[in-house]
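Structure record follows, encoded as structure tokens.
The values are calculated or read from the model by the stated rules, or taken from the named source; none is laboratory data. Keep in mind the model is a prediction, meaning the values are calculated, not measured. Here the Cβ positions follow ideal geometry from the backbone for every residue, glycine too, while neighbour counts run over all protein chains shown. What goes into the accessible areas is simple: the full protein's heavy atoms, side chains included, and nothing from ligands, DNA or RNA. Shrake-Rupley method; radii C 1.70, N 1.55, O 1.52, S 1.80 Å.
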Amino acid sequence: MVEITPRGEAARELFLSGCNCAQSVAVAYADIIGLDRAAVMRIAQPFGAGFGRLREVCGTFSGAMFVMGQLYSSSEPDRDNKAYVYSLVQEFADRFYAARGTLLCREILGLAEGEGTDPTNPSERTAEYYASRPCAMVCAETASLLEQFLRELDERGAGVNKVGGDATIQ
């Protein structure tokens with residue numbers, strides 16, 4: 001069980017207000033990644049529902065990777081930085097797997113491959129929709145896992161590329 005943090009709660013509320021899963025996690029960190037909410041909303045939208053309803057990599061994981069990229073990636077080609085960021089991705093993926101058992105949206109939702117993928121018909125956000133799927137809680141858990149992970153990285157002295165805002169996790 002993942003302890004829900006303040007950013008986790010923010011991600012849950014964002015999802016319940018109509019944001020997709022990737023947007024929910026990424027926007028919960030907009031204040032520290034140097035982008036305004038509108039920019040984060042636009043950039044993260046295609047990653048929702050496992051990449052535009054393909055039901056592949058969970059959008060919450062993609063949103064978390066967006067945040068980590070903004071915080072830790074170099075703005076220039078840098079092999080050492082790439083290796084470092086990839087190691088962070090894999091370390092976080094291990095935590096996500098431990099919490100969810102998979103990185104795949106369709107498996108989290110219990111869908112068969114190809115099911116629920118019509119891009120022209122995004123699900124209507126109703127009370128039934130929210131009650132029928134774990135997405136709001138997955139948003140909360142992923143944003144919380146990320147908050148805990150970023151705190152640990154800070155404690156380990158991991159270098160953050162401050163691109164704007166205050167990169168300290170409160």
field: Residue in region 26-56 that is least open to solvent (accessible area, probe 1.4 Å), counting only those that are among the charged types (D, E, K, R) and touching a Ser or Thr at 6+ places or on another chain (Cβ under 8 Å)
entry: Arg55
- request: Taking the options Asp118, Asp94, name whichever one is of a type in the set (Asp, Glu) and without any contact (Cβ under 8 Å) to a residue 40 or more places away in the chain.
  value: Asp94
query: With respect to Ser75, is the statement that it is surrounded by fewer than 16 Cβ atoms within 10 Å (Cβ to Cβ) and part of a loop (DSSP other than H, G, I, E, B) true?
result: yes
- prompt: Within region 84-134, how many residues turn out to be surrounded by fewer than 16 Cβ atoms within 10 Å (Cβ to Cβ) and in contact with a Ser or Thr (Cβ under 7 Å, 6 or more places away or on another chain)?
  reply: 1
- line: Conditions (1) at pLDDT 90 or above; (2) more than 23 Å from Arg37 (Cβ to Cβ); (3) hydrophobic (A, V, I, L, M, F, W, C) -> Leu145 fails only (2)
task: Within region 12-23, identify whether any single residue is open to solvent by 60 Å² or more (accessible area, probe 1.4 Å), within 23 Å of Met137 (Cβ to Cβ), touching a Leu at 6+ places or on another chain (Cβ under 6 Å) and assigned to a helix (DSSP H, G or I), and answer yes or no.
output: no
- line: With the first residue restricted to region 129-156 and required to be under 12 Å from Val67 (Cβ atoms), and the second required to be charged (D, E, K, R) and in a helix (DSSP H, G or I), Cβ contacts under 8 Å at 6 or more apart or on different chains are Ala143/Arg7; Ala143/Arg12; Leu145/Arg95; Leu146/Arg7; Glu147/Arg7; Phe149/Glu91; Phe149/Arg95
Residue among Thr102, Thr60 that alone is closer than 16 Å to Val2 by Cα, out of contact with any Pro (no Cβ under 7 Å at 6 or more places or on another chain) and not in a helix (DSSP H, G or I): Thr102
